[in-house]
Amino acid sequence: AARIAGRPRPSRQPKRDDKRISLLIDIQNNIKAQESAGFAHWAKINNLKQAAKTMNFFTEHGISSYEELEERAAALVSKTDTLLASIKATENHMADLALLMKHTAAYRNLKPVYDSYRKSYDKEKFLRGHESDIILFEASARALKEMEIEKLPSAEKMKAEHDTLAAEKETLYTEYKTARQEAREYSTIKQNVDSLLDAPKEHEREKYMER
């Protein structure tokens, strides 16, 4: 592929078999080809202002080949997918922890009531006054058993862990929004490049149809 600082290419449409192309030179040559064929047709595909923005993007981001553009765009898509998966995993962890905190708190608060119920001589009478508490305690006890919790974890430690997870989620989400925006930007630039490089081909097809 020709380098940006190297010898300029001929004005004909460059080969893209291996996609190792110098984007700035290819786009500039294609703009010239369109101008010579008829600027009005070129303007319908993409205006020169947009072409300038696209080339400035390459310069600012140090991109010199179509393959490099594709690789960076794909990497950003992969990054957004990875970050989104991490966000969902963190949310699931937070939900599990919140449920554990709920059942642990219910177990601790209602155990004295349940112990009194177990020791009472008239359980039916005791149950009539504390039925909802007994039901809630037994439900929390079953849930903790299913979670394989043998010793009740500290409420303070669970809250601290939940706060840490919340902060991690916020950081991940900020990174995700940035990566998603960059991925969209690269996708738009790639669409512009494809339009810019394919424009002469479209013109040649129209010339052929006019014959």
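The values are calculated or read from the model by the stated rules, or taken from the named source; none is laboratory data. The model shown is predicted, which means the values in this text are computed figures rather than measured ones. Here Cβ is always computed from backbone atoms with ideal geometry, including for glycine, and neighbour counts include all displayed protein chains. Protein only, heavy atoms only, side chains kept; ligands, DNA and RNA dropped before computing areas. Shrake-Rupley method; radii C 1.70, N 1.55, O 1.52, S 1.80 Å.
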Log entry, pairs with first residue in segment 152-165 being over 14 Å from K102 (Cα atoms), second being open to solvent by less than 70 Å² (accessible area, probe 1.4 Å), beta carbons closer than 6 Å, six or more apart or on different chains, reads L165/T90; L165/M94
For residues in segment 191-211 being surrounded by fewer than 17 Cβ atoms within 10 Å (Cβ to Cβ) and modelled with pLDDT of 70 or more, which is nearest to the chain's Cα centre (by Cα)? Q191
What single numbered condition from (1) in a helix (DSSP H, G or I); (2) modelled with pLDDT under 95; (3) of a type outside the set (D, E) fails to hold for I63? (1)
Hey, does segment 165-173 have a residue that's more than 30 Å from K53 (Cβ to Cβ), in a helix (DSSP H, G or I) and at pLDDT below 90? no
Can you tell me which residue in segment 84-138 is most open to solvent (accessible area, probe 1.4 Å), limited to those that are of a type in the set (S, T, Y) and part of a helix (DSSP H, G or I)? S132
Applying the selection to segment 152-182, what residues are farther than 13 Å from M94 by Cα, among the polar types (S, T, N, Q) and open to solvent by 50 Å² or more (accessible area, probe 1.4 Å)? T171, T174, T178, Q181
Going through (1) under 35 Å from the mean Cα position of the chain (by Cα); (2) at pLDDT below 95; (3) open to solvent by less than 40 Å² (accessible area, probe 1.4 Å) one by one, E185 fails only at (3)
